[in-house]
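Structure first, then comments.
The values are calculated or read from the model by the stated rules, or taken from the named source; none is laboratory data. Note that the structure is a prediction, hence the values are computed from the model and not measured. Please note: Cβ atoms are built from the backbone with ideal geometry, for glycine as well, and neighbour counts cover all protein chains shown. Remember, those area values only see protein heavy atoms, side chains included, never the ligands or the DNA or RNA. Shrake-Rupley method; radii C 1.70, N 1.55, O 1.52, S 1.80 Å.
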Amino acid sequence: MIFNPQIGIPATYMRGGTSKGVFFKLDDLPEDAQVAGTARDNLLLRVIGSPDPYGKQTDGMGGATSSTSKTVLLSKSTKTEHDVDYLFGQVAIDKAFVDWSGNCGNLTAAVGSFAISNGLVDNSRIPDNGVAVVRIWQANINKTIIAHVPMVNGLVQETGDFELDGVTFPAAEVKVEFVNPVDGDEAMFPTGNLVDELAVPGVGTFKATMINAGIPTIFIEAKALGYQGSELQEAINSDESALAKFETIRAYGALMMGLIHSIDQARERQHTPKVAFVAPSSAYQTSSGKSITGNDIDLSVRAMSMGKLHHAMMGTAAVAIGTAGAIPGTLVNLAAGGGDKDSIIFGHPSGTLKVGAEAKFNEGAWSVDKVSMSRSARKLMKGEVYIPADSY
């Protein structure tokens, strides 16, 4: 019996922040996968190695975690005053599903580097030495992101001494700014409240801050869930009942936020919203054994991603944390001590992260102009990724 051969597709494997993903130029994909639809989804599933009932993604590029089961499609921007269009696909591990409902803030740090190195940014905007300001149109959420990419002798500088908790080796610092992360026609707080009572049948009723900034996120107090806020991955991810509880909370929160119209739809929207729990600052040991003192941070935050506790923090969730932290009265702000804040340092399972936000209250509503943080990025491999020709 004769089988169809494999096909090679130009691709780059990159780390951005605390995530990894397979990056493509949109016009390098087979023609039928250059448009949204089944062919594109099937191709990306096969590239990553999903669906995998073993949960390992052994036959693909995925790393069997939400942080490493990611794909990025980039093209010259169709938007004025922008350089590159960025489309992110979160690939499920054990299901035949690609979620296009949100952004990946961590991989955003690698978008500018890839765009420059692959000719997607006009040469007139790239200094030989200094910092290239790459204007990114995030096509999943229709938002502008600015990446400040260091350049040396006409090449992207990827090595350096900037240390990012959750990443083993230092690299060059990439400053990322999320501009107006809340849609103008959407409320930052979908319910109109800074804190709601979220009733979850069979689980309980919780105080919750539900915010749409960076990515829709539901914040709950750690103590209400029976946690300290200093938990590491194994404390949550090894507890099937806890995972089921978080997923139920996520589903009912999505319903209350208006993201879905029935509980059943939550299964089709795994990437959003996120669920996070917060606690006042306290000492703990990170997953690498590093000691964090209560004076190192303003608060602790733990976040769920694709059904598991994240090993560090999603970049988009950090936008939500920074925004909520800047607004007096939210659960995030209260856990950080309350009051006016333009930046906070929060603890996560791998360490700490500082995020700044410019929030203001006008005409009875909160808005945020910009949220900023520093990440790093590095090219890991470039060449062709192979999939069977009949797999998409």
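The set of residues from region 146-178 being open to solvent by 40 Å² or more (accessible area, probe 1.4 Å), more than 15 Å from the chain's Cα centre (by Cα) and not hydroxyl-bearing (Ser, Thr, Tyr) comprises 148, 152, 153, 155, 157, 161, 162, 163, 169, 170, 173, 175.
Does residue 115 fit the bill of being in contact (Cβ under 8 Å) with a residue 40 or more places away in the chain, buried (at least 17 other Cβ atoms within 10 Å of the Cβ), not in a strand (DSSP E or B) and not aromatic (Phe, Trp, Tyr)? Spell out the reasoning first.
Values: in contact (Cβ under 8 Å) with a residue 40 or more places away in the chain: yes; buried (at least 17 other Cβ atoms within 10 Å of the Cβ): yes; not in a strand (DSSP E or B): yes; not aromatic (Phe, Trp, Tyr): yes.
Yes: the conditions hold for residue 115.
Each residue in region 353-392 was checked for being outside any strand (DSSP E or B) and touching a residue at least 12 places away in the same chain (Cβ under 8 Å), and 4 of them qualify. Taking the criterion of being farther than 15 Å from residue 112 by Cβ and either of a type in the set (D, E, K, R) or at pLDDT below 95 (or both), the residues of region 145-172 that qualify are 161, 163, 165.
Just for region 250-293: of the residues that are of a type in the set (Ser, Thr, Tyr) and touching a Pro at 6+ places or on another chain (Cβ under 6 Å), which one is surrounded by the most Cβ atoms within 10 Å (Cβ to Cβ)? Per the criteria, the residue is 272. For beta carbons closer than 6 Å, sequence separation of 6+ or different chains, a first residue in region 149-166 that is outside any strand (DSSP E or B) and a second that is of a type in the set (Val, Ile, Thr), the qualifying pairs are 165/352; 166/18. Note on region 1-31: residues that are open to solvent by 50 Å² or more (accessible area, probe 1.4 Å) and either without any contact (Cβ under 8 Å) to a residue 12 or more places away in the chain or part of a loop (DSSP other than H, G, I, E, B) (or both) amount to 6.
Among the residues of region 69-87 satisfying the criterion of being surrounded by fewer than 19 Cβ atoms within 10 Å (Cβ to Cβ) and not acidic (Asp, Glu), which is farthest from residue 386 (Cα to Cα)? The selected residue is 80. Of all residues assigned to region 275-286, none qualifies as being assigned to a strand (DSSP E or B) and under 11 Å from the mean Cα position of the chain (by Cα). The requirement of being part of a loop (DSSP other than H, G, I, E, B) and without any contact (Cβ under 8 Å) to a residue 24 or more places away in the chain is not satisfied by residue 55.
Regarding region 326-334, can at least one residue be identified that is touching a strand residue (DSSP E or B) at 6+ places or on another chain (Cβ under 7 Å), closer than 25 Å to residue 19 by Cβ and not in a strand (DSSP E or B)? Spell out how you get there, then give the answer.
Here is the first cut: in region 326-334, the residues touching a strand residue (DSSP E or B) at 6+ places or on another chain (Cβ under 7 Å) are 326-327, 330-332.
Those still in the list that are closer than 25 Å to residue 19 by Cβ too: 326, 332.
Of the ones still in play, those that are also not in a strand (DSSP E or B) are 326, 332.
Yes.
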